[in-house]
Amino acid sequence: MLTRASLFAIFACLLVVYSPDLQAQKNRRNYPGGGQNRKPANQKFLETQWWLGFKWGANLTSAIPEQRFSAFSPTDGNTGEKTYEDFKHLGVQAGIDATFYHKGFSFSFQPNYRRQRFAYNNSFNWTDSNDPTSTLDLHYDQDHNLDYLELPLIVKYDFRQDAFTPFVQFGGYYGTLINATKKVDITGTDQASGASNAFEGEQLVIGADDLFIKTSLGILAGVGVNYSVGNLRLAFDVSYRWGLHNVTNAKNRFTENRLAGIGDALDDMNMQNLSFTFSTLFPLRFISKNFNSID
Amino acid sequence: MRKHLLHILIIIPLVIFSSCDLEDNDVIPTNRFTKIYDNNRFDSSITPIDVAQTADGGYIIVNSRRLENTDFLGINVMKVDELGNFVSQTDLADNFVQPIADLMLIGGNFYFLCMDATSLVVHLVAIDDSGAVTDPAAVSGGLFYPLHATIDGTNILLQSYNNDNKETDISIIGTDGSISASQSFTIGSGQGVEEPIIEHFTRTGKSLPFMVGRTTGGTYFFNGFYNFTLSMVFTDLSSGDPNGVLQGQQDDGGLSSALHLSGNTFAVSRFNFGDNYIVPQASIDMGGTTSSVDLSGNQLPELPPDTKVDLLLTEVNSQQVLIYGSNTNSKQILLLAYDASAGDLLGTQRLGFSNPYEISNMTPTADGGLVVVGTTFVAGRFARVVLFKLDESDLVALTSQ
């Protein structure tokens, strides 16, 4: 379990990552005649920039069960074990990107709204011991939407200073759950009521805020590319995100679960997520009177 | 940059302090759970009778099970672990039927009573902590049709029905099956009088709230048929004439649960022609003849007619609390907590969603929590045992609303 100490360590590391930049800025002000000043004025100007813009994109989630739970305890068959559907259900994210760039490194704060989806399914079968043809099969497809307000801190490194610039990035994020819902689609076949009767289209949708904890902490790493168009910078990145803790509310696993009657209880699980994000960024420092920020 | 640094320094403590739910999420899984004991048999139907906690933290659940060729119910004994996970079960031979509450812990073993389907003689069954069941042993003295039993020191206080004599028998029996005291009370003469009792056994009529107990002052009481009416009868077992009677309305009214508090004060629930009332502080004259309709109480329209009510006294947060457990019209289990000394409602909680749920019994647990056993209908049709485990914080929340 993640302790406060380890949380502090993670974000202290992020702070340390910021520190050289802060120190460099400070040094530059204290020592204006340093080596940096020997470069041409435009190039020196381009070593530092603030960017502000918008991000939006899509994501895919995999829920990794650590310890499995069920409201059913089978006495004979019918385990109903969940089969997770990894990276199959599309979520979305949108937010703001505030980035400070200096000498190839960017330090970015990207508050965003993020919907992550994960799903699993399970099946149950009952058979009449006196008549094996008399059966009931039920299949549950269980889809979860988790909406987070997320505050990521990301460090990027640009490999070159061209209009087309690949980069790598890593960082950490803190999110707080603002809404969660759970949808269950029930399908099955009843062969015990006189004929084979397939039923589908039965759906339950419940609020699931109480089934998950508020906090979401994790780290991320990814690659991307910047493309400069005039003063604008367009970016596309792909990031893999590792959740650092169990997101299920263990206290409410059973008691607040309106679906315990169908045997459902959330496993202890970590979330892993693959995000695809587009960004449009605007520079906040301009090099010339006609508002050109780049050559 | 100072402003930037300031933002970071604000975010870090925000993250740390708002992450408290990470630490709170480290829950001991034995404290709270809901478990439904399902099997894949279409024709299986199991209904719990009572539950008790074992020394290893697990639970013994005594269940009735449907038999194919009789209206009587067979017996299933289930052992589950401290997480509520199924461990083992035993189906007793089909000739042993009608298991009754209470499941009693005496001398390290658990005991319950049932009867032989052919002779109708009461039998005693012992279960050890592992769930191993001994062969049922006949109780001596010609006792038939067990109705309810409860612990009485190291003995068992049994209410049973003798259909030959049309009498309710109250007996004190030992764990060896011997009878140390017994008294019989007439239900009244005439063939129709015993009909509700037989229908109770064969599940063709109402399930009636038979119960037996003893006050702290030593007076025995039972809820059963006396003089044509479902009544609470008070006796010292010295005579077939009761010391006092709280009369019901034949089988349409009477007490549905009762627990002695002190002196003449009882906590009870009562039913009357379909209505249900909770009376957490009822003064009952144990030496005279009174009527249950005079007890008034809090009417609970959300309870269905003639529903089961279970009642226990426990301590929550250093406070003596009465917990009533019953069923609602919306097919949930309802817990109501009352201050045992003042009779004030402290809070309510509902258990179970989506499927129908019905309470069978409940008992406090060693960790200060509560376990509630009942029936749910999986997929809307298969009767299965459900076990709710609440922890102490749940009970504190229940009594702090």
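Descriptive notes on the structure:
- Nearest 10 degrees, 0 to 90: helix B:2-18 Cα axis against chain B principal axis: 10 degrees
- ³J(HN,Hα), Karplus 6.51/-1.76/1.60, whole Hz, each residue of segment B:379-388, x for Gly, Pro: 6, x, 9, 9, 6, 9, 6, 10, 10, 9
- DSSP-loop trypsin sites (Lys or Arg not before Pro) across segment B:235-337, with at most 12 other Cβ within 10 angstrom: none
- Evaluating 6.51 cos²θ - 1.76 cosθ + 1.60 at θ = phi - 60° for every residue in segment B:194-207, the Karplus couplings come out as 8, 4, x, 5, 5, 5, 4, 6, 8, 6, 9, x, 6, 8 Hz, glycine and proline recorded as x.
- Shape call, segment B:61-133: gyration tensor on alpha carbons, a/c limit 1.5: oblate
- With loop membership from DSSP and a limit of 16 other Cβ atoms within 10 Å, the longest segment of chain B without GluC sites (Glu not before Pro) is B:69-301.
- The mean sequence distance of close C-alpha pairs (under 8 Å, at least 6 residues apart), as a share of the length of segment A:4-283, puts its relative contact order at 20 percent.
- Selection of trypsin sites (Lys or Arg not before Pro), segment A:158-262, meeting DSSP coil and at most 11 other Cβ within 10 Å: A:ARG160
- Placed amide H near A:ASN252: partners under 5 Å, 5+ positions off or other chain: none
- Computed over chain B with a Gaussian network model linking Cα atoms closer than 10 Å, the most mobile of B:GLN247, B:GLN319, B:GLN183 is B:GLN319.
- Taking a Cβ cut-off of under 15 Å around B:SER140, the surrounding Lys, Arg, Asp and Glu residues balance to a net charge of -3, with basic ones at +1 and acidic ones at -1.
- Near B:LEU67, the amide H atoms lying under 5 Å from its own belong to B:GLY74; only residues 5 or more places off or on other chains count, and H is placed 1.01 Å from N.
- ³J(HN,Hα) computed for each position of segment B:310-315 - Karplus, 6.51 cos²θ - 1.76 cosθ + 1.60, integer Hz, glycine/proline x: 10, 9, 9, 10, 9, 10
- Amide H contacts of B:ASN227 (H built 1.01 Å from N, under 5 Å, at least 5 apart or other chain): B:ILE187, B:GLY188
- Leading residue at positive end of dipole, segment B:336-401 (Cβ point charges), from B:GLN401, B:ALA337, B:GLY374: B:GLY374
Quick note: the coordinates plus some simple rules give every number you see, no bench work behind them. Because the structure is a prediction, the values reported are computed rather than measured. Cβ sites come from the backbone with ideal geometry, for glycine too, and all protein chains shown count toward neighbours.
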